[in-house]
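The values are calculated or read from the model by the stated rules, or taken from the named source; none is laboratory data. All values reported here derive from a predicted model rather than from experimental measurement. Every residue, glycine as well, gets a Cβ built from its backbone with ideal geometry; the counts of neighbours run over all protein chains shown. Just the protein is used for accessible areas: all its heavy atoms, side chains included, with ligands, DNA and RNA removed. Shrake-Rupley method; radii C 1.70, N 1.55, O 1.52, S 1.80 Å.
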Amino acid sequence: MSSRIRKARVNDVQAIYDLLKHMAAQGLLLPRSLSNLYEAVQSFFVAEDDEGKVIGVAALQVAWETLAEVRSLAVLPESGSRGLGRRLTMAVEDEARKLGITRMFSLTYVPGFFEKMGYTIVPLESLPQKIWAVCFQCVHYPDCKETAMVKDLD
Ligand SMILES: CC(C)(COP(=O)(O)OP(=O)(O)OC[C@H]1O[C@@H](n2cnc3c(N)ncnc32)[C@H](O)[C@@H]1OP(=O)(O)O)[C@@H](O)C(=O)NCCC(=O)NCCS
């Protein structure tokens, strides 16, 4: 089955919400509300199969002048291990480059995947913009179980 990566449209938001909720229920990532996803729809990429079903998502979240996050990356398990996670991450990074971003980061439960994408582990404290903007409001703060990782874009 073929698949393509494209920018999200407003009518993808319900599918993005359902996919993230499904993954969050398994503790794989943090959930996001529908209203938050409508606000952030322009930051999202989706992977769709040849029937137009959303089978993967990822978002670019700018944190500071040259710093941005790969956020809400998820691929349905039945569509995994086919390179979609890699393609979604690359789409987010390409978009970041166009905006003038020079450093990407991720807070993740799957450091092994991000290592494959060229990211290296750093202390969370090295990302103060993330802590100020998001972590302080997170229900898990300060007991964050995610691994902070960064990658410099060329
Ligand atoms: C992590 C996730 C996005 C990977 O998606 P995927 O489409 O299966 O990944 P890909 O097929 O593109 O894999 C790319 C490479 O990463 C490796 N990889 C994938 N998942 C991995 C993992 N959990 N640990 C280590 N390596 C992993 C693959 O083996 C592949 O390596 P290769 O290039 O040497 O063959 C997907 O498993 C997922 O949605 N997980 C649940 C949600 C999640 O953890 N999201 C990340 C939140 S930041």
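Looking at the chain, the accessible area is 55 square angstrom per residue; that uses a 1.4 Å probe and ignores ligands, DNA and RNA.
Ligands, DNA and RNA excluded, the heavy atoms of VAL110 present near 80 Å² of accessible surface to a 1.4 Å solvent probe. Simple point charges give the picture: +1 on the Cβ of Lys and Arg, -1 on the Cβ of Asp and Glu, and for region 59-154 a dipole about the Cα centre of about 220 debye.
Using the alpha-carbon positions of the chain, Rg (one decimal) and Dmax (whole number) come out as 14.6, 43 Å. To the nearest 10, the accessible area of PHE136 is 120 Å² with a 1.4 Å probe. Between ALA25 and ARG82, the C-beta separation translates, for a Förster distance of 25 Å, into a calculated FRET efficiency of about 0.65.
Taking all protein chains together and rolling a 1.4 Å probe, MET117 ends up with roughly 20 Å² accessible. Averaging the Cα positions of each part gives two centres, and for region 1-37 and region 50-95 these lie 10 Å apart.
The long axis of helix 13-25 is offset from the longest Cα principal axis of the chain by roughly 60 degrees. What the Cβ-Cβ distance of ASP49 and LEU153 gives, at R0 = 22 Å and to the nearest 0.05, is a FRET efficiency of 0.15.
Mean residue ellipticity, 222 nm, helices only, the chain: the sum of -39500 (n - 2.57) across DSSP H runs of n ≥ 4, divided by residue count and rounded to 500, is -9000 deg cm²/dmol.
Loop sites by DSSP among the GluC sites (Glu not before Pro) of the chain, restricted to those with at most 14 other Cβ atoms within 10 angstrom, leave 66-154 as the longest stretch without any of them. With the convex hull of the Cα atoms taken as the outline of region 24-80, the averaged projected area works out to 4.9 nm². Note on exposure: TYR109, TYR119 ranked by accessible area (1.4 Å probe, complete protein assembly) read TYR109, TYR119, with the most exposed listed first.
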